[in-house]
Amino acid sequence: MKLKVCGMKYPDNMLEVASVGPDYMGFIFWEPSSRFFNTTISEIPNHIKKVGVFVDASLEEIINTIKRYNLQAVQLHGKESPDFCKQLKGANKSEINKPKREVEIIKVFSIKDDFNFGQLQAYEAVCDYFLFDTKGKLPGGNGYVFSWEVLKEYPSKKPYFLSGGIGLEETDKLKDFLQRPESKYCYAIDVNSKFETAPGLKEIEKLKEFKKSIE
Ligand SMILES: O=C(O)c1ccccc1NCC(=O)[C@H](O)[C@H](O)COP(=O)(O)O
């Protein structure tokens, strides 16, 4: 199972987290967040994909940020429409990253108690992954787990990231979930606030323990 560590902020901490070996590292490009990032990304190994997290940012802002930070993925955490994702995919193919690999598009859906999976259909062709997070006061990083039971209704074959308040306390529940049919397309686990001592500052020992538990 892949691991994404989101909400990185501090250069030394990025290097420490890199040593744990996640597959993705996320950077929040949404100013109101306590994890808002606008400085320099440390030299982390190439196999760790850098993900830019955006909330209803313009196409221009996203493209400029991809270029500035050499991002390999973008996570869209707002109300971005299928057409917006399509435009981003188009820009991606033509101008962002040629001749390198295309930037992955991760579209986020926030879940409270139930969820209308019908809305995924329009995004199938225009994003690479879905990410399921917990609906809360903020667009992301709320620190609450949603009921994964909802995913029994998952109608798609698109791989998804499971997110929302996941910490070491969820390890047993997660192991159980990963045995179930509804986790067939679960591609990665996304963690954030449950591994912090302060916004954007991750706890390395906890991350090591968690990574082992999902291997
Ligand atoms: O983390 C933030 O501050 C944030 C703010 C606005 C949009 C997205 C944000 N985080 C994105 C993530 O991918 C988080 O890992 C995800 O929401 C889960 O966070 P948590 O509930 O703290 O585990």
Qualifying positions in the range 48-62 - surrounded by 20 or more Cβ atoms within 10 Å (Cβ to Cβ) and either aromatic (Phe, Trp, Tyr) or away from the ligand (no atom under 16 Å from the Cβ) (or both): 54
Could you grab me the full set of residues in the range 23-47 that are touching a helix residue (DSSP H, G or I) at 6+ places or on another chain (Cβ under 7 Å), buried (at least 20 other Cβ atoms within 10 Å of the Cβ) and in a loop (DSSP other than H, G, I, E, B)? 29
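For every residue, the table says whether it meets (1) at pLDDT 95 or above; (2) in contact with a Gly (Cβ under 9 Å, 6 or more places away or on another chain); (3) not acidic (Asp, Glu).
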| position | (1), (2), (3) |
| --- | --- |
| 100 | no, no, yes |
| 105 | yes, no, yes |
| 108 | yes, yes, yes |
| 132 | yes, yes, yes |
| 135 | yes, yes, yes |
| 146 | yes, yes, yes |
Run residue 179 past the list (1) over 22 Å from residue 107 (Cβ atoms); (2) out of contact with any strand residue (DSSP E or B) (no Cβ under 6 Å at 6 or more places or on another chain); (3) buried (at least 17 other Cβ atoms within 10 Å of the Cβ) and report the number of the one that doesn't hold. (3)
One residue from 162, 71, 138, 131 being under 22 Å from residue 7 (Cα atoms), surrounded by fewer than 19 Cβ atoms within 10 Å (Cβ to Cβ) and within 19 Å of the chain's Cα centre (by Cα): 138
Please return the ranges of strands (runs of 3 or more DSSP E) entirely within the range 113-215 where 2 or more residues are within 13 Å of the ligand (Cβ to nearest atom) and either among the aromatic types (Phe, Trp, Tyr) or free of Cβ contacts under 8 Å to residues at least 40 places away in the same chain (or both). 129-134, 160-162
Residue in the range 63-87 that is farthest from the ligand (Cβ to nearest atom), counting only those that are part of a helix (DSSP H, G or I) and polar (S, T, N, Q): 87
Can you pull out every residue in the range 1-13 that is surrounded by 22 or more Cβ atoms within 10 Å (Cβ to Cβ) and either modelled with pLDDT under 95 or not small (Gly, Ala, Ser) (or both)? 4, 5, 6, 8
If I ask for residues that are among the polar types (S, T, N, Q), in contact with a Gly (Cβ under 8 Å, 6 or more places away or on another chain) and closer than 18 Å to residue 139 by Cβ, which ones from the range 1-58 would you list? 33, 34
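The values are calculated or read from the model by the stated rules, or taken from the named source; none is laboratory data. Keep in mind the model is a prediction, meaning the values are calculated, not measured. Cβ atoms come from the backbone with ideal geometry, glycine included; neighbour counts cover every protein chain shown.
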